[in-house]
Each structure stands twice: as C-alpha cells, then as structure tokens.
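Here's the structure we're looking at; comments come further down.
The values are calculated or read from the model by the stated rules, or taken from the named source; none is laboratory data. What you see is a predicted model; the values in this text were computed from it and never measured. With ideal geometry, Cβ positions are generated from the backbone for all residues, glycine too; neighbour counts draw on all protein chains shown. The accessibility values were calculated without ligands, DNA or RNA, using every heavy atom of the protein model including side chains. Shrake-Rupley method; radii C 1.70, N 1.55, O 1.52, S 1.80 Å.
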Amino acid sequence: MSAEPSAGAATPNGAQAKPAGAQATPSGAQPTPNDAQAAPTDAEASPTDAQPAHNGGAVLLRITGTFGAVLGYGCLAAFLYLISLQIYRWFREGDWTHFGVAEGMQVWLTRCCVKDGDTGRLAALVHWLEAPTDWMGLHKVLEILPASLALFALSILGNSIFIYCRDWSEARRHQDTV
C-alpha cells in the first residue's frame, strides 16, 4: 500500500488530490489536456513496460521456423504422394516407375513457372533438364537420384529447421521469464 492518496481521492482537508506527476495550475485556471496527462516517471510503469518488446531475433526465429515447417511438411506430403503413385503403378502394371529429380524438377517448373517461349534463368534450367549441353555429370546424378528420396531429405531438413527454431524460441522465452 502506498502512503500517497490515489488520484482523485479526497485529502484530509477535503480537497481533491492531483495525480502524481501532474503540474499545478494557477488558482482559478482551467486544466488543459496536457495537464491531465502526466509523463511517467522512473517510479511509475509506462504501458510499454508491461510486455517486453519483440526484438528482431525472435521475429526472425519465428519466420525461419515457419519456413522450415512449410518446407518440411510440404515435402513430406509430396513424398507420400509420389510414393503412393509409384506403389499404385507397381500394383497395377507390375513394374516400378522411376521418377528422378531431373524429371520432377522439369515437370514442376513447367507446371508452375515456365511456359513455352519463356526466356530467363528458370526457362534455361528447364531447357538444360531436357537436353543438357554442360554439367553432364550433375545431370546424370539428378536423373538417377530418386525424387522421393530428395523430397524425404528436404522434409527432414525442413523439420529440423522448424524444431531448432522452436527450441531456441522457447529457450529465449524461458530466459525472459526468469
């Protein structure tokens, strides 16, 4: 409990007490709006002191963690879809259908981003995936490497980023409360 009377409470002589930090007005003068709003002093808590402000590190952790979750769970869903499609075709036709990373990238880029007659880096990548003229070894690796394996590896990477950022965020939150 404070020894000071609260704002608006009557003093022992019956006069109204002023809020702490308010300036006195000349006798008979009307208080202005600036007089009613006193600046917080060191002893008083301002409204911004109630909650600590988020700093850039916490926001960056949340954004990176969200990106990791979208990447991880999106690639996991694509992996499950691709494996299901391959199993379905194996049961139906009796032959395993191979989808390489090069074929998957080519199909995805032509459906998503590159149309016929486009120029630019993505169009050049699609043309290289169709008929490589250089980097032949890399192209062979991308043809042989199963797309399902690459999607699964990306899902693990994305989930690792998500978990790492979540753990750091919780550790920072715990450190702030202690």
**Report entry** Rough spin-label spacing in nm, given labels placed 7 Å along Cα→Cβ, for Ser84 and Thr177
**Finding:** 3.9 nm
Query raised in the report: Once phi is turned into ³J(HN,Hα) by the Karplus curve 6.51 cos²θ - 1.76 cosθ + 1.60 with θ = phi - 60°, what whole-Hz value does each residue of segment 91-105 show in order, with x for glycine and proline?
Result: 5, 6, 9, x, 9, 6, 8, 8, 10, x, 4, 4, 5, x, 5
Requested in this report: Work out from phi, with θ = phi - 60° and the Karplus expression 6.51 cos²θ - 1.76 cosθ + 1.60, the ³J(HN,Hα) of each residue of segment 63-74, listed in order in whole Hz, and give x for Gly and Pro.
Outcome: 5, 5, x, 5, 4, x, 5, 5, 4, x, 6, x
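Stretch Asp116-Asp167 to full length: gain in nm at 0.36 nm per residue minus the Cα-Cα span? The partial results should precede the final answer.
Details: separation 51, 0.36 × 51 = 18.36 nm, distance 4.51 nm.
Full-extension gain reported as 13.8 nm.
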Query - For Gly100, distant residues with modelled amide H under 5 Å away - result: Ala147
Query raised in the report: In segment 114-175, carbon and sulfur make up what percent of the accessible area (probe 1.4 Å)?
Result: 66 percent
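Could you give the length gained by full extension between Ile144 and Arg62, i.e. 0.36 nm per residue of separation minus their alpha carbon distance, to one decimal place? Walk me through the intermediate numbers first.
Numbers: separation 82, 0.36 × 82 = 29.52 nm, distance 3.62 nm.
Value of the extension gain: 25.9 nm.
Assuming R0 = 25 Å, what is the FRET efficiency of Glu130 and Ala77, from their Cβ-Cβ distance, to the nearest 0.05?
Values: r = 27 Å, r/R0 = 1.08.
Once rounded, the FRET efficiency stands at 0.40.
What number results when the radius of gyration of segment 76-134, computed over Cα atoms, is divided by 2.2 N^0.38 Å?
1.37
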**Report entry** Phi-based couplings in Hz for segment 167-178 (Karplus 6.51, -1.76, 1.60; Gly and Pro marked x)
**Finding:** 5, 5, 5, 5, 5, 5, 5, 5, 5, 5, 7, 7
Report task. Between beta-carbons, use under 14 Å as the cut-off and find the net charge around Pro132, counting Lys and Arg +1, Asp and Glu -1. Result -> -3
Query raised in the report: Ignoring ligands, DNA and RNA, what accessible area per residue does segment 125-178 give at 1.4 Å, in Å²?
Result: 72 Å²
Report task. Tell me the label-point distance for the pair Phe91, Asn55, using the 7 Å Cα-to-Cβ offset, in nm and rounded to one decimal. Result -> 5.5 nm
